[in-house]
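Asker: My questions all concern the structure below.
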Amino acid sequence: MLTHLLYPLPPSSLSRQVDDYTSGSDSDYTKYWIDWFLGTKGNEYFCEVDEEYILDRFNLTGLNTEVQYYSQALDLITDNLDENMDEEMRDIVEKSARHLYGLIHARFIITTHGLTKMLEKFKKCDFGRCPRVLCHNHPLLPVALSDVPYTKSVKLFCCRCEDIYNPKSTRHASIDGAYFGCSFPHMLFQVYPQLVPPKSTDRYVPRIFGFKLHDVAKQHRYQDMIREESHARIMAGIEGLPTTAATGAQTSSRDGQQNHKINKAAEGNATVATESGAMADVN
Amino acid sequence: MSAHDLQQQQQQQQQVRDMRAADDVEEEEEEEEEEEDEQLQGEYAGDEYYGSDVSNESGTESMPWIAWFCSLGGHQYFAEVADDFVEDDFNLTGLNSIVPFYKEALEMILDLEPEEDSPKVPDVSIVEASAEQLYGLIHQRFIVTRQGLQQMADKYQAGHFGSCPRTYCQSTNVVPCGRYDLPGVETVKLYCPNCQDIYSPPSSRYHNLDGAYFGTTFAHMLFHIYPELVPNISNKIYTPAIYGFKISEYSRCGPRMQWLRNKQDPAALDASGRLIKDAKDNDEDDSK
């Protein structure tokens, strides 16, 4: 590990803020552990956690049992670590600090401020784009399959096809999913529902010499049926809710139900309102 | 070859290049370095080959063009088309109207010496581009033959085409596939036999490879002829949740695309796409 060589640690006596004010000429940002960490290759998915958030011990509740050398790691993150530490120990603390930062990060990104920071990164496509051809390069968001550290690596969620993908690069694929959490992308869309893209009913149709395949076509009809059923269910459910949407939504949902019955007997894709239509009605 | 065809060819290549530029490639530097290395090697190998061809006309120490072409960086998806397939004119029907400098390109592919009375070719790089396109289009036809399918099945099993990026496909192997059979429309995509969907290749080196070189038919023909290659992975659909609570369907941002990954065994479905056991229940209800 060369990490301790890559960034000069500030004098132990000076806290980050004090340092900011005292050494105006020295504007080398890499001296801050967080800046160094974020600038390191492979950490592009992380955003900067606010210092105030880290310094509020309430936000770190329970993490001391999760992380070894918790207090030293926290000191390192906040640039307060004692310089006079032997290298072996520093490597261990360094590792702990990265783990601790990840776990704080998972909590921070579902706060209001964290969400705005991640939103900026989402808009810049820092997490990559959906590999699915029919999603037309829609930006992705990191998501975990488990909130427990050291269980599953980070995955990428596409809000267009609502599926999860493995990161392209092995460096990103080895990041612990717990540093982002299972809830993050869905929380983001709850807070910013206008970001949800219109859902499309496009799907890839395999063909041999231009002819559709019987088995696949059957499955597609089944999928269409599922889609209509869920659409009808959603519309019926919204009707029953106290905050009923406009009357237009009600009538269209009744139509949808009738259509659905007819379609069940006949074939699937006749007159189905698209999913985006459904969403517009919901709103 | 008329100037018009040449122009068309250049336009097509420009299109492919544009497509490549449009694909906002976010590659890791490491991967790019690796790619560059491979491309350099490929180019070097090419120079060496053409150089030796000029100096040593017997060409015994050089690779055949097809083997060389398939060994280039970014050409790992290609199978080596058998010489007798290329030599049979019937297999090439119609290609002379698509590919400019068809005759010269074919000679290059088959490592034939150009005839002495043949008209002068303005630039060898144009013929190289034609040869690549011609090879690609022959390749499209070859890989749906018995021999071609066998070769591609071996490549598939060896994992030469990469794996599906979808998490629940558990890195199952994918096969190259085009969405159009005519060159210059779209780059190559990867078809996953498990989720039956198509994905962009992860590495930018494939973002300038034309999808027509693999064609629309091949991927499905492969799994039709070799049904044992279809992976058997349990069907899992991602369920979005916040703090472990599923997001309601009635939410504005609730799940709307679950149908897309809903897969059923075709044997369990009737022709109209209903589950056979459901259909039976309905019939019984009707009879009552």
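Asker: Return yes when A:Leu119 is in a helix (DSSP H, G or I), touching a residue at least 24 places away in the same chain (Cβ under 8 Å) and surrounded by fewer than 20 Cβ atoms within 10 Å (Cβ to Cβ) and no when it is not.
Answerer: Judged against the criteria, A:Leu119 is a match.
Asker: Within the group A:His220, A:His231, A:His214, which residue is surrounded by fewer than 14 Cβ atoms within 10 Å (Cβ to Cβ), within 9 Å of chain B (Cβ to nearest Cβ) and at pLDDT 90 or above?
Answerer: Result: A:His214 is the single residue among A:His220, A:His231, A:His214 that is surrounded by fewer than 14 Cβ atoms within 10 Å (Cβ to Cβ), within 9 Å of chain B (Cβ to nearest Cβ) and at pLDDT 90 or above.
Asker: Return a yes/no flag: does the stretch B:134-154 have any residue that is among the hydroxyl-bearing types (Ser, Thr, Tyr) and surrounded by 22 or more Cβ atoms within 10 Å (Cβ to Cβ).
Answerer: Yes, there is a match, as at least one residue in the stretch B:134-154 is among the hydroxyl-bearing types (Ser, Thr, Tyr) and surrounded by 22 or more Cβ atoms within 10 Å (Cβ to Cβ).
Asker: I would also like to ask the following. Among the residues of the stretch A:24-33, are any farther than 21 Å from A:Ala144 by Cβ and at pLDDT 90 or above?
Answerer: Taking every residue of the stretch A:24-33 in turn, at least one turns out to be farther than 21 Å from A:Ala144 by Cβ and at pLDDT 90 or above.
Asker: Could you say which residue among A:Ser96, A:Ser71, A:Ser183 is surrounded by 18 or more Cβ atoms within 10 Å (Cβ to Cβ), away from chain B (no Cβ under 14 Å) and either farther than 26 Å from B:Ile198 by Cα or at pLDDT 95 or above (or both)?
Answerer: Answer to the selection: A:Ser96.
Asker: Do we have B:Thr172 as at the interface with chain A (Cβ under 10 Å from one of its Cβ atoms) and among the β-branched types (Val, Ile, Thr) here?
Answerer: Criteria not met by B:Thr172.
Asker: Checking A:Pro197 against (1) within 28 Å of B:Thr187 (Cβ to Cβ); (2) touching a residue at least 40 places away in the same chain (Cβ under 8 Å); (3) at the interface with another protein chain (Cβ under 10 Å from one of its Cβ atoms), only one condition comes out false. Which one?
Answerer: The one condition A:Pro197 does not meet is (3).
Asker: Which residue pairs have Cβ atoms under 7 Å apart, sit 6 or more places apart or on different chains, and have a first residue in the stretch A:65-77 that is closer than 10 Å to A:His99 by Cβ and of a type in the set (Gly, Ala, Ser) and a second that is modelled with pLDDT of 90 or more and crowded, with 17+ Cβ neighbours inside 10 Å?
Answerer: Qualifying pairs under 7 Å: A:Ala73/A:Val67; A:Ala73/A:Val93; A:Ala73/A:Ser96; A:Ala73/A:Ala97; A:Ala73/A:Leu100.
Asker: Related question: Could we say that B:Ala212 is in a helix (DSSP H, G or I), buried (at least 22 other Cβ atoms within 10 Å of the Cβ), within 11 Å of chain A (Cβ to nearest Cβ) and in contact with a Phe, Trp or Tyr (Cβ under 7 Å, 6 or more places away or on another chain) here?
Answerer: No: the conditions fail for B:Ala212.
Asker: Let me ask something else. I need the full set of residues from the stretch A:156-206 which are small (Gly, Ala, Ser) and within 19 Å of B:Phe245 (Cα to Cα), in order please.
Answerer: Within the stretch A:156-206, A:Gly177, A:Ala178, A:Gly181, A:Ser183 meet the criteria.
Asker: Moving on to the next point. Restricting attention to the stretch B:249-284, and to residues there that are part of a helix (DSSP H, G or I) and within 13 Å of A:His231 (Cα to Cα), which single residue is farthest from the other protein chains (Cβ to nearest Cβ)?
Answerer: Among residues in the stretch B:249-284 that are part of a helix (DSSP H, G or I) and within 13 Å of A:His231 (Cα to Cα), the one farthest from the other protein chains (Cβ to nearest Cβ) is B:Gln258.
Asker: In addition: State whether the residues of the stretch A:142-151 include one that is part of a loop (DSSP other than H, G, I, E, B), over 30 Å from A:Arg203 (Cβ atoms) and within 10 Å of chain B (Cβ to nearest Cβ).
Answerer: yes
The values are calculated or read from the model by the stated rules, or taken from the named source; none is laboratory data. Note that the structure is a prediction, hence the values are computed from the model and not measured. Glycine also receives a Cβ, built like all others from the backbone with ideal geometry; neighbour counts cover every protein chain displayed.
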